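First the structure, in the form of structure tokens, and then the observations on it.
What follows draws every value from the coordinates through simple rules; no lab data is involved. Everything quoted here is computed from the prediction, not taken from an experiment. Backbone-built Cβ (ideal geometry, glycine too); neighbour counts: all protein chains shown.
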Amino acid sequence: MGGAIKLDAVSLVSIFTECILYGYFSVLAVIALYILLSKRAKHQKLNKPMVAVSIVMFILGTIHAGVDLRRLLVAFLDQSDDTGGAIAYLSEVNTVLYAIKSTAYCMQTLIGDGFVLYRLYLVWNGKKIIVIPIAICFVASIGVGIGALQGFARASPAAPVFINDLQNWIVSFFSLTLFTNFSCTSLIAGRIWWVHRRTMGLVVSGHSLVPAAVVIIESGAIYSVCLIILLSLYLSGSFAQYIVLDAVTQVIGIVFSLIIVRVGLGLSSDQTEGETKKLTTLFSSNPTDSRQHHSAYPMRNIAIKIDSATHNDSMGTDFQDGRFENSALSEQESGSHRKGASEYL
């Protein structure tokens, strides 16, 4: 197993790739925290969960990159003269350092999946038939992740990462997190698109939910593609899977921070003020309009009132009241409560 690529060479490429991504993640994390802490309206409360998640993700990414670097230093400096050399040490999955990096990866993955599940809950207004099946899958991934970590700890020093006892846990974890991420992303984007279609005639100029769907699809696609490549490489028995595995830990944080940065800097959503705008439009038809001849009922003046409740969530993080509101038009009045696209990110 492992293919033609040797583990020591893969490890060097892996740490190089991870360090580049970690640098990118570091810059985005700082900008995201600045947006969360500073670029918010005076009436808005600090979104502590988002700040906490951003900090924890950055810490986990730092731990993972630091442990990978330490493992390489030990392998090439301390173990190079031992039996098997650096390759033998890097192949061991039961060491303390390997356990730490694996734990950091699992936690980073679960936090990312948990947050996208939280977005799904908000966008679908907590609809049980939608949320519960994916929530069960998420809980299962937690159990499988714990099982995989225990499998690493109990493996013999000579056991490769591709043995059946570990493969079952690893493939299950990759598959569950891929399903969770792909399903949540698809359902969120689909819901936003559906609401957009339903409210196309009522959209206030300058406000659209399409950018929200675009950001979510893009971020979900990046992560899903990485997971598909990772799963494919692992099943093929290639050590190249370590390159993608180490990169994914940073990619999760990058995707999370990138959404905040893009929305916060106004690159993909509307910048709105936190106020309620009441717009009243009077649609009237001329009694002599030729369209009346094609209707069984005479046309009457219809007053349509649109309440547009928008919140300046420049960091795209105010989820506490982020619910889609659906309302139907009537002849007398129509209420449509709409929020900026950033509410659902």
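Translational diffusion coefficient, Stokes-Einstein: compute it for the range 7-264 using the Kirkwood radius over C-alpha pairs as Rh, at 4 °C and 1.567 mPa s, and state it as an integer in µm² s⁻¹.
The diffusion coefficient I find is 66 µm²/s.
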Point to revise | C-alpha center-to-center spacing [the range 3-26, the range 115-150] in angstrom | key: 30 Å
Practice item. Apply the Kirkwood formula to the range 132-178: the hydrodynamic radius equals the inverse of the mean of 1/r over all pairs of different alpha-carbon atoms; give it in Å with one decimal. Key: 11.1 Å
Practice item. Compare the peptides 95-103, 14-22 by average per-residue count of other Cβ atoms within 10 angstrom and give them in order, highest first. Key: 14-22, 95-103
**Study point:** Extended-chain gain in nm, criterion 0.36 nm per residue less alpha-carbon gap, ARG198 and ALA52
**Key:** 49.0 nm
Check your understanding: Between CYS19 and LYS39, what length in nm is gained on full extension when 0.36 nm per residue of separation is reduced by their alpha carbon distance?
Key -> 4.3 nm
**Study point:** Using a Förster distance of 51 Å, the FRET efficiency for ARG70-VAL214 (Cβ separation, nearest 0.05)
**Key:** 0.80
Review point. Say each of ASN168 and LYS127 gets a label point 7 Å from the Cα, pointing the same way as Cα to Cβ; how far apart are those two points in nm?
Key: 3.7 nm
Practice item. Provide, in order from the shortest bin, the percent of all Cα-Cα pairs of the range 111-202 in each 5 Å bin, continuing until the bin that contains the maximum pair distance. Key: 3, 13, 20, 17, 12, 11, 8, 6, 4, 3, 1, 1, 0, 0
